[in-house]
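The structure appears right after this line, and notes come after that.
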Ligand code: FES
């Protein structure tokens, strides 16, 4: 199991990165929301696009939003709360190591 080092985003911000998953490179992101960190694969469960085809735009008020058709996701657990998606975002394993994060697909 390989953990990837990722820079911590500031409150309300996002860090995008690539992560290896079963020998495939995938888009991923980590957010800081209300002082906690949450990491997800950057792939909308509706049609598979990245959430931020408007680059770097993930948040719509308190929700994560897919820019393609406007699906909204709970930032704490990735659950779909509105829109055409049938399920939520895929959450990634995360360890907070004080000055950085370790993330695993
Ligand atoms: S691709 Fe995300 S809502 Fe359609």
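The values are calculated or read from the model by the stated rules, or taken from the named source; none is laboratory data. From a predicted model like this one, the values you see are computed outputs, not experimental measurements. Backbone-built Cβ (ideal geometry, glycine too); neighbour counts: all protein chains shown.
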Among the residues of region 71-87, which ones are near the ligand (Cβ under 10 Å from one of its atoms) and at pLDDT below 95? 85
(1) under 18 Å from residue 98 (Cα atoms); (2) at pLDDT 95 or above; (3) touching a strand residue (DSSP E or B) at 6+ places or on another chain (Cβ under 9 Å): which one isn't true of residue 34, the others all being true? (3)
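Hey, could you check region 47-60 for residues that are in contact with a strand residue (DSSP E or B) (Cβ under 9 Å, 6 or more places away or on another chain) and in a loop (DSSP other than H, G, I, E, B) and say which is nearest to the ligand (Cβ to nearest atom)? Outline the logic, then answer.
We begin by selecting, within region 47-60, every residue in contact with a strand residue (DSSP E or B) (Cβ under 9 Å, 6 or more places away or on another chain); these are 50-52, 55-60.
Filter once more, so that each one left must be in a loop (DSSP other than H, G, I, E, B): 50-52, 55-58.
Details: 50: 9, 51: 7, 52: 11, 55: 15, 56: 16, 57: 13, 58: 12 Å.
Ranking the candidates gives 51 first.
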Please indicate, with yes or no, whether at least one residue in region 88-98 is part of a strand (DSSP E or B), more than 12 Å from the ligand (Cβ to nearest atom), over 12 Å from the mean Cα position of the chain (by Cα) and closer than 17 Å to residue 16 by Cα. yes
If I go through region 1-57 residue by residue, how many of them are within 14 Å of residue 93 (Cβ to Cβ) and surrounded by 19 or more Cβ atoms within 10 Å (Cβ to Cβ)? 8
Every residue from region 32-46 that is away from the ligand (no atom under 16 Å from the Cβ) and assigned to a strand (DSSP E or B): 32, 33, 36, 37, 38, 39
Select from region 67-76 the residues that are within 24 Å of residue 8 (Cβ to Cβ) and surrounded by 18 or more Cβ atoms within 10 Å (Cβ to Cβ) and list them in ascending order. 73, 75
